[in-house]
1. For a quick check: sort THR278, THR180, THR40 by the number of other beta carbons within 10 angstrom, fewest at the front.
2. Kindly put MET258, MET265 in sequence by how many other C-beta atoms sit within 10 Å of each C-beta, fewest to most.
3. In the structure shown, do any of LYS159/LYS222; LYS148/LYS222; LYS159/LYS282; LYS17/LYS148; LYS31/LYS148 have a Cα-Cα gap over 25 Å, and if so which?
4. Compute from the Cα atoms of segment 4-282 the Rg and the Dmax, the latter being the longest Cα-Cα distance, and quote both in angstrom.
5. Give me the percent relative contact order of the chain, please, defined on Cα pairs under 8 angstrom at least 6 residues apart.
6. Can you give the charge dipole size of the chain about its Cα centre, rounded to the nearest 20 debye, using +1 on the beta carbon of Lys and Arg and -1 on the beta carbon of Asp and Glu?
7. Springs between alpha-carbon atoms under 10 Å, Gaussian network over the chain: tell me which of ASP234, ASP267, ASP128 tops the mean-square fluctuations.
8. Enumerate the helices in the chain for which the Kyte-Doolittle hydropathy averages -0.5 or more and the C-alpha atoms extend at least 18 Å along the helix's axis, using complete DSSP H runs.
Amino acid sequence: MNYRHAFHAGNHADVLKHVTVLALCDALTAKPAPCFALDTHGGRGLYKLDGEAAQKTGEAQDGIARLIAEAPRDPAIQRYLAAIRACRLQHGAHAYPGSPWLLAHALREQDRIAACELHPEEAHVLRDHFAADARIATHQRDGYAAIKALLPPKHGALKFARGLVLIDPPFEAQLAEFDTALAALREGLTRWPQGMFALWYPIKQGRALQPFRRAAAALPAKSALALELLVRADDSPLRMNGSGMLLLNAPWQFDAVMHPALAAMRDALGEAGASARTDWLKRSA
Ligand code: SAM
């Protein structure tokens with residue numbers, strides 16, 4: 001996604017991604033040990049939905065605006081809506097938090113965050129947003145290379161047993177990006193086997209993703225869980241009909257948290273033919 005040319009912030013894909021990220025952070029912070037989060041494709045961290053670019057695509061109208069209007073009672077969705085309210089209290093009524101903002105919001109004093117962004121303008125804004133937060137290091141660099149450089153995570157003498165790597169690439173390379181992301185996940189798991197890994201991916205036609213799901217199940221993780229939200233039937237190969245989050249080493253019984261949340265997102269954001277799935281591609285032994 002290149003924000004100079006397209007603006008997708010606040011669409012259904014962001015809703016799925018961000019509800020899931022917050023739920024993962026809450027599972028991590030349920031224990032006192034410090035956590036580390038790496039956001040490989042961080043974007044600018046915070047968006048404004050009243051800008052010209054956002055108005056033009058109107059994607060947030062069918063995404064976050066609908067979710068706020070429907071306000072489903074599911075706990076994971078309520079948690080996300082509370083985070084949006086907190087963001088808007090701080091940054092204004094049209095603010096929309098990106099993944100680095102949500103990580104900073106959900107994680108604690110003892111936790112550390114690294115957020116990468118390759119595009120110079122986006123990276124500049126990202127750095128400025130978090131300049132005053134000593135927990136967050138921002139890097140203008142390739143997020144895939146950061147997996148090699150920053151894992152396993154260390155901070156001085158501090159080592160992290162727990163944490164999350166979020167990989168949210170632009171998929172400009174289309175199907176080839178799946179292979180790049182799978183290779184990055186393999187590398188990350190080898191370097192930090194106990195980490196949780198989350199990869200966001202777009203869905204045009206779900207059946208075309210079977211090779212990807214099979215490859216994901218073969219990664220050296222304890223478990224692989226796919227959460228998928230289709231906002232319409234996936235019969236057109238030309239548009240993004242939905243998206244998924246591939247979770248490796250997800251928390252125990254995370255499907256039970258996300259299954260009702262996905263159903264609520266489908267009901268709030270879906271058109272005719274919408275569907276939601278929670279699939280263990282590989283279960284912990
Ligand atoms: N994760 C963000 C969020 O949820 O708010 C959104 C990220 S957006 C989907 C993808 C971002 O990756 C864009 O800002 C783009 O400039 C950046 N990008 C593209 N290629 C990259 C790379 N190789 N490494 C790091 N960032 C990259």
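1. In increasing order of surrounding Cβ atoms, one gets THR180, THR278, THR40.
2. Working: MET258 25, MET265 29.
Fewest-to-most ranking of MET258, MET265: MET258, MET265.
3. Listed pairs above 25 Å: LYS159/LYS282; LYS31/LYS148.
4. 17.4, 54
5. Working: 547 pairs, mean separation 61.0, N = 285.
Rounded, it is 21 percent for the chain.
6. On the way: 33 positive and 29 negative charges, 178 e Å.
About 860 debye.
7. Fluctuation is largest for ASP128.
8. Working: long enough: 12-28 (24 Å, 1.04); 75-91 (24 Å, -0.02); 175-191 (25 Å, 0.23); 254-269 (22 Å, 0.69).
In the chain, the long hydrophobic H runs are 12-28, 75-91, 175-191, 254-269.
Values quoted throughout were computed directly from the atomic coordinates according to the rules given, and no laboratory measurement underlies them. The model shown is predicted, which means the values in this text are computed figures rather than measured ones. All Cβ positions, even for glycine, are placed from backbone atoms using ideal geometry, and neighbour counts span all protein chains on display.
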